[in-house]
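What follows is a short report on a single structure.
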Amino acid sequence: MYSKEISVFDIIGPNMIGPSSSHTAGALRIARLAKRMVKKSIKHVKFVLYGSFAETYRGHGTDRALVAGILGFDTEDYRIKESFKHAKEASLEYSFETNNKKQDIHPNTVDIQITDENDELTTVTGVSIGGGRAVIKKINGVEVDLSGDYHTLVIRHRDLPGVIASVTKILSTFDINIAFMKLYRETKGTVAYSIIEADQPIITDIISEIEKLTSVSQAFLIEKE
């Protein structure tokens, strides 16, 4: 069973701009994690908000926090308050939509639909779980569990025998110690995501080597914050 030590940071949350750690810092963290899953420049982002996010996103600054996260701002950045202005300066288009019909969902949930400069779409579902912390629950429709609490490697690949062995061999070559490894897939033999959390930073050379594997379509790094 996985256990995690709880720190004061987990209880009171990070320093942040905004009235609520769940509605601002947590929302920003979701968007920052989503941004790191897109390698090319982002052209447009659509945010679909559920539950309390949908009800209070303007008053609690969730909208500004989400845009700030896509821009790469951290929770202490005073530019969060004017993230809409900075998005315009960066030619980033964005829109918000609320969904009050779906009830069987965490109240602090957002779907983020990112369109890059090549019109490729990446979809991410994230949940703000309190204290400024967040978890990614879906990537492109595949259910996952990603917190960003470790140096994390996310690999999109075909669900075929030998892929994981090839990936772990590359990591071993670079002396990367795997803390946790999780595999998620749509259906057997189709698209799968491997999420590897490591004890030390993962260099970009590792990404390049993994993407040379014929069954791998994409690999990206989420650095520990």
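Would you confirm whether any residue within the stretch 84-93 is surrounded by 13 or more Cβ atoms within 10 Å (Cβ to Cβ) and within 30 Å of GLU197 (Cα to Cα)? Checked against the condition, which is being surrounded by 13 or more Cβ atoms within 10 Å (Cβ to Cβ) and within 30 Å of GLU197 (Cα to Cα), the stretch 84-93 yields no hits at all. Taking into account only those residues within the stretch 174-207 that are among the polar types (S, T, N, Q) and at pLDDT below 95, which is nearest to MET37 (Cα to Cα)? Of everything passing the filter in the stretch 174-207, THR204 is nearest to MET37 (Cα to Cα). Within the stretch 120-141, one or more residues are on the phi > 0 side of the Ramachandran plot and either in a strand (DSSP E or B) or not assigned by TED's automatic domain parsing to the domain that holds GLY51 (or both).
Among the residues making up the stretch 64-83, those that are surrounded by fewer than 20 Cβ atoms within 10 Å (Cβ to Cβ) and not basic (Lys, Arg) are GLY72, ASP74, GLU76, ASP77, TYR78, GLU82. Checking ILE222, ILE155, ILE210 one by one, the residue that is modelled with pLDDT under 95, buried (at least 17 other Cβ atoms within 10 Å of the Cβ) and within 22 Å of ASN140 (Cβ to Cβ) is ILE222 and no other.
Restricting attention to the stretch 99-150, the residues being at pLDDT 90 or above and of a type in the set (Gly, Ala, Ser) number 4. Can we say THR98 is within 14 Å of the chain's Cα centre (by Cα), surrounded by fewer than 23 Cβ atoms within 10 Å (Cβ to Cβ) and not in a loop (DSSP other than H, G, I, E, B)? No, not satisfied. Total residues in the stretch 142-172 satisfying the condition of being farther than 30 Å from LEU28 by Cβ and either assigned by TED's automatic domain parsing to the domain that holds ILE114 or touching a Lys or Arg at 6+ places or on another chain (Cβ under 8 Å) (or both): the figure is 1.
Only one of the listed residues (ILE164, ILE155) is of a type in the set (A, V, I, L, M, F, W, C), out of contact with any Asp or Glu (no Cβ under 7 Å at 6 or more places or on another chain) and in a strand (DSSP E or B). That residue is ILE155.
Only residues that are of a type in the set (Asp, Glu) and within 13 Å of the chain's Cα centre (by Cα) were counted across the stretch 129-183, and they come to 3. Scanning the stretch 171-207 for residues that are among the hydrophobic types (A, V, I, L, M, F, W, C), closer than 16 Å to GLY141 by Cβ and surrounded by 19 or more Cβ atoms within 10 Å (Cβ to Cβ) yields a count of 2.
The values are calculated or read from the model by the stated rules, or taken from the named source; none is laboratory data. Small disclaimer: the values here were computed from a predicted structure and weren't measured. No Cβ is skipped: glycine too gets one built from the backbone with ideal geometry, and neighbour counts run over all protein chains shown.
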